[in-house]
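The values are calculated or read from the model by the stated rules, or taken from the named source; none is laboratory data. Here the structure is a predicted model, which means the values were calculated and not measured. Note that each Cβ is placed from the backbone with ideal geometry, even for glycine, and that neighbours are counted across all protein chains shown. Accessible surface is based on the protein model in full, side chains and every heavy atom, while ligands, DNA and RNA are left aside. Shrake-Rupley method; radii C 1.70, N 1.55, O 1.52, S 1.80 Å.
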Amino acid sequence: MVLTINVAVLLAVVIFLRLRRRTEARSRSDEKMTVAIVLVFGVLIAPTAFGQGVLNVVTQLAQGISQTGTP
């Protein structure tokens with residue numbers, strides 16, 4: 001039996017655990033590491049169907065906001 005771990009799922013768990021900590025308890029280097037992990041997570045999920053779905057939702061939201069802002 002071989003156990004495979006999806007790296008994107010593992011990073012999502014790490015991000016969740018890191019963001020649960022209080023803001024006051026984070027150092028500047030800790031915040032930089034969290035940003036780096038989130039960027040890698042974004043790169044990993046971007047080509048997936050889930051990533052494309054998130055992109056479509058954000059695009060529609062941005063278009064809706066930009067259309068309501070213009071007279």
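Of all residues in the stretch 28-47, none satisfies being surrounded by fewer than 10 Cβ atoms within 10 Å (Cβ to Cβ) and of a type in the set (D, E). I'd like to check something: does the stretch 49-59 contain any residue that is at pLDDT below 85, open to solvent by 100 Å² or more (accessible area, probe 1.4 Å) and not β-branched (V, I, T)? The answer is yes, given that some residue of the stretch 49-59 is at pLDDT below 85, open to solvent by 100 Å² or more (accessible area, probe 1.4 Å) and not β-branched (V, I, T). Scanning the stretch 1-27 for residues that are surrounded by fewer than 10 Cβ atoms within 10 Å (Cβ to Cβ) and in contact (Cβ under 8 Å) with a residue 40 or more places away in the chain returns no hits.
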